[in-house]
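A short write-up of the structure that comes next.
The values are calculated or read from the model by the stated rules, or taken from the named source; none is laboratory data. The shown structure was predicted, so the numbers you read here are calculated from the model rather than taken from an experiment. Neighbour counts run over all protein chains shown; Cβ positions are idealised from the backbone, glycine included.
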């Protein structure tokens, strides 16, 4: 297996992961991650995606304060001691804590050896230090920041857990199923993820214009799918199911906007559901008429 490729982990006849082989090679946590990766029924080239956005494209969004800080840092416009000396406001450019280096933006934010411990816990301490500034409290010593950040994070989480859930006084608008035109059937699909049980499930139902159920099916998945994966898998499953039943005029309806948008756009999505939505588009070509609806 030393020179083996990922393809050996895929069952060529079903285009699904060979779970028995994966479980025998990898540790349980690694195997679980691999089996969550979606595989399309149609072989395609590997692509790079960004898993933290719905469209698979990397984006960088900053607040105005962060943009301002980045701009000042890149332009060397921060009020560091080196800049204050250059403007003849002070005379000593050396860093106060140890007089070995000039205090520049690069030194203040990255090179200073005393802030290494801060960067190790950057996610935890950032909001805590900002809160102290807002509250006009004395800033925490650098070596104490990670410990204090964890305390604040624990306190914040506990407060969130004890607060009663708020409900909209107007209530959520309840939408009822609407019948399709007489020459079409309506195909509804949905998916659910049970992270605590590491399982997923999908369900589909096909009805005619009178609301009578023509066919339905459900399926359990042995792992928790990521994001809108359950809905995307449900869509491709129901389209395959419908074509086998001879359905060729239908409305495909689901409650995942991400999936519906991916199915209606011409280009392939770069998100993790791309393999399944691409399969759905291929199956859609077997229909004489196929409309899409989001509820």
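Just to be sure, is residue 218 farther than 16 Å from residue 180 by Cβ and surrounded by 13 or more Cβ atoms within 10 Å (Cβ to Cβ)?
Working: farther than 16 Å from residue 180 by Cβ: yes; surrounded by 13 or more Cβ atoms within 10 Å (Cβ to Cβ): no.
Spelling it out, it is not the case that residue 218 is farther than 16 Å from residue 180 by Cβ and surrounded by 13 or more Cβ atoms within 10 Å (Cβ to Cβ).
Residues in segment 221-260 that are free of Cβ contacts under 8 Å to residues at least 24 places away in the same chain and farther than 23 Å from residue 33 by Cβ were compared, and the one that is surrounded by the fewest Cβ atoms within 10 Å (Cβ to Cβ) is 246. Would you check if residue 7 is surrounded by 12 or more Cβ atoms within 10 Å (Cβ to Cβ), at pLDDT 80 or above and not in a loop (DSSP other than H, G, I, E, B)? The answer is no for residue 7.
Taking the criterion of being touching a strand residue (DSSP E or B) at 6+ places or on another chain (Cβ under 6 Å) and either closer than 22 Å to residue 39 by Cβ or in a helix (DSSP H, G or I) (or both), would at least one residue in segment 270-279 satisfy it? No: segment 270-279 contains no residue that is touching a strand residue (DSSP E or B) at 6+ places or on another chain (Cβ under 6 Å) and either closer than 22 Å to residue 39 by Cβ or in a helix (DSSP H, G or I) (or both). For residue 246, the conditions (1) farther than 21 Å from residue 288 by Cβ; (2) outside any helix (DSSP H, G or I) all hold with the exception of (1). When the helices (runs of 4 or more DSSP H) confined to segment 23-133 are screened for residues that are within 30 Å of residue 234 (Cβ to Cβ), modelled with pLDDT under 85 and within 30 Å of the chain's Cα centre (by Cα), those reaching at least 1 such residues are found at 28-36. Would you confirm whether any residue within segment 258-268 is outside any helix (DSSP H, G or I), within 22 Å of residue 215 (Cα to Cα) and either assigned by TED's automatic domain parsing to the domain that holds residue 233 or out of contact with any helix residue (DSSP H, G or I) (no Cβ under 8 Å at 6 or more places or on another chain) (or both)? No, every residue in segment 258-268 fails to be outside any helix (DSSP H, G or I), within 22 Å of residue 215 (Cα to Cα) and either assigned by TED's automatic domain parsing to the domain that holds residue 233 or out of contact with any helix residue (DSSP H, G or I) (no Cβ under 8 Å at 6 or more places or on another chain) (or both).
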